[in-house]
Amino acid sequence: MDYKKIIRQFKRKKILVIGDLILDRYIWGKVSRISPEAPVPIVEVTHENFLLGGAANVAHNIIALGGQATLSGIIGNDRAGEVMQTILDERNIHRDGVLKGQRPTTVKARVIAHNQQIVRFDREEKERIAGKTLDDLMLYLRHAVSKHDAVIISDYKKGVISSELVRAVLKFAKPANIFVSVDPKVRHFHCYKHVSLITPNVMEASIASGIDIRDEQSLINAGKSLLKKVKCDAILITRGEQGMSLFESGGIVHIPTVAKNVFDVTGAGDTVISAFTLAYAAGAGMVDAAVIANHAAGIVVGEVGTAVASKEELLNSLKKARPSVIIQN
């Protein structure tokens, strides 16, 4: 497979990312003593920064890999929403589908000292969107889906993704043969019927299938069960240090990991679905798209915090390691 040729096509592909928008706040510092008030470390803050999370990080991954990304979701009319919009503009992510709702922008704040996460605190409201907010989002999607080469649904279970929304996306996408992939949440699997691809991790696949994944056979049983239950074209189960397994009606392919060091898995799922969808839209088959996604994930888990893989890093990774797959019918 000429991976370089596929990656060169990334710049021509427009990907619409729909889902829950999250602003990641990182507070960095160092610890040298324990508080006299309680048995907790005192973090001396040195600096802080904001990064895109959730569906916004998926869009950021598309841009980092050289593609074009349009983002659609809900933010609040607040300071965090303003910060997110500024970052989206800086990253050249189209945000005409980012709408303002009545609830606050979701913020996940992490305190990190000596490259270790000390604590995380979240500000969010997770009720399902409805009323005018939902109507406005549906109206946007009606006109936007057909203008893109593929759609990613990034479900963080914060209220944006529902069966109604997925059905609408498929209604707009299927006539134009547009690829629709989903990064799922366990209790929403009933929402994803008839999409092109879902990318659960082992735990999500185990719970959603009702099969305790302990070994290769139970993994195979779970993958086949999900493929039948969701009625999608493919299931890509991410397996951490064991790599990935791609399930299609024609067979199963196991892809060993290429990650050398794992420091932080934050956002790795975002990278997987971004790289896979972009590669598939650029002309790769399912297996080759999974290999490309596997290399992209191997890059980001070697970084601390929400990270993305660049096109150059991906090309270098593919050059250094001969891609290998294990095919099982």
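The values are calculated or read from the model by the stated rules, or taken from the named source; none is laboratory data. In this text the structure is predicted, and so the values were computed from the model without any measurement. For neighbour counting, all protein chains shown are included, and Cβ atoms are generated from backbone atoms with ideal geometry for every residue, glycine included.
Of a type outside the set (A, V, I, L, M) and more than 30 Å from Ser32 (Cβ to Cβ): does that describe Arg79?
Yes: the conditions hold for Arg79.
What's the number of the condition Ser181 fails, among (1) surrounded by 19 or more Cβ atoms within 10 Å (Cβ to Cβ); (2) part of a helix (DSSP H, G or I); (3) of a type in the set (Gly, Ala, Ser)?
Status for Ser181: all satisfied but (2).
Tally up the residues in region 62-86 that are without any contact (Cβ under 8 Å) to a residue 60 or more places away in the chain, under 22 Å from Glu125 (Cα atoms) and hydrophobic (A, V, I, L, M, F, W, C), please.
Matching residues across region 62-86 total 3.
Show the residue pairs that are 6+ apart or on different chains and have beta-carbon atoms under 6 Å apart, the first residue being within region 195-211 and touching a residue at least 24 places away in the same chain (Cβ under 8 Å) and more than 9 Å from Ala222 (Cβ to Cβ), the second being assigned to a loop (DSSP other than H, G, I, E, B) and aromatic (Phe, Trp, Tyr).
Ile198/Tyr192
Residues Ile18, Ile7: which one is crowded, with 18+ Cβ neighbours inside 10 Å and modelled with pLDDT under 95?
So the residue among Ile18, Ile7 that is crowded, with 18+ Cβ neighbours inside 10 Å and modelled with pLDDT under 95 is Ile7.
So, of the residues in region 151-178 that are outside any loop (DSSP other than H, G, I, E, B) and charged (D, E, K, R), which turns out to be farthest from Gln68 (Cα to Cα)?
The extreme case among them is Glu164.
Going by the structure shown, is Ile62 under 27 Å from Ala281 (Cα atoms), among the aliphatic types (A, V, I, L, M), surrounded by fewer than 21 Cβ atoms within 10 Å (Cβ to Cβ) and under 25 Å from the mean Cα position of the chain (by Cα)?
Spelling it out, it is not the case that Ile62 is under 27 Å from Ala281 (Cα atoms), among the aliphatic types (A, V, I, L, M), surrounded by fewer than 21 Cβ atoms within 10 Å (Cβ to Cβ) and under 25 Å from the mean Cα position of the chain (by Cα).
Can you name every residue in region 275-326 that is outside any helix (DSSP H, G or I), under 16 Å from Ala69 (Cβ atoms) and at pLDDT 90 or above?
Answer for region 275-326, where residues must be outside any helix (DSSP H, G or I), under 16 Å from Ala69 (Cβ atoms) and at pLDDT 90 or above: just Ala282.
I'd like to check which strands (runs of 3 or more DSSP E) are fully inside region 87-150 and have at least 2 residues that are among the β-branched types (Val, Ile, Thr) and at pLDDT 95 or above.
Output list reads 106-113.
Right, Ala38: touching a His at 6+ places or on another chain (Cβ under 9 Å), aliphatic (A, V, I, L, M) and outside any strand (DSSP E or B) or not?
So Ala38 does not fit the description; no.
Any residue in region 226-241 that's at negative phi and part of a helix (DSSP H, G or I): show its pairings with residues that are of a type in the set (Val, Ile, Thr) and modelled with pLDDT under 95 at Cβ separation under 8 Å, as long as the two are six or more apart or on different chains.
Final answer for the pair search is Glu241/Thr257; Glu241/Val262.
Considering region 43-59 alone, what residues qualify as being surrounded by 24 or more Cβ atoms within 10 Å (Cβ to Cβ), outside any helix (DSSP H, G or I) and touching a helix residue (DSSP H, G or I) at 6+ places or on another chain (Cβ under 6 Å)?
Leu52
Which one is nearest to the chain's Cα centre (by Cα), of the residues in region 229-246 that are within 15 Å of Glu216 (Cβ to Cβ) and of a type in the set (A, V, I, L, M, F, W, C)?
Checked region 229-246; the qualifying residue nearest to the chain's Cα centre (by Cα) is Ile237.
Looking at Gly73, Gly67, Gly81, which one is modelled with pLDDT of 95 or more, surrounded by fewer than 24 Cβ atoms within 10 Å (Cβ to Cβ) and not polar (S, T, N, Q)?
Residue meeting the stated conditions: Gly81.
Tell me whether region 15-28 contains one or more residues that are assigned to a strand (DSSP E or B), of a type in the set (D, E, K, R) and farther than 30 Å from Glu125 by Cα.
no
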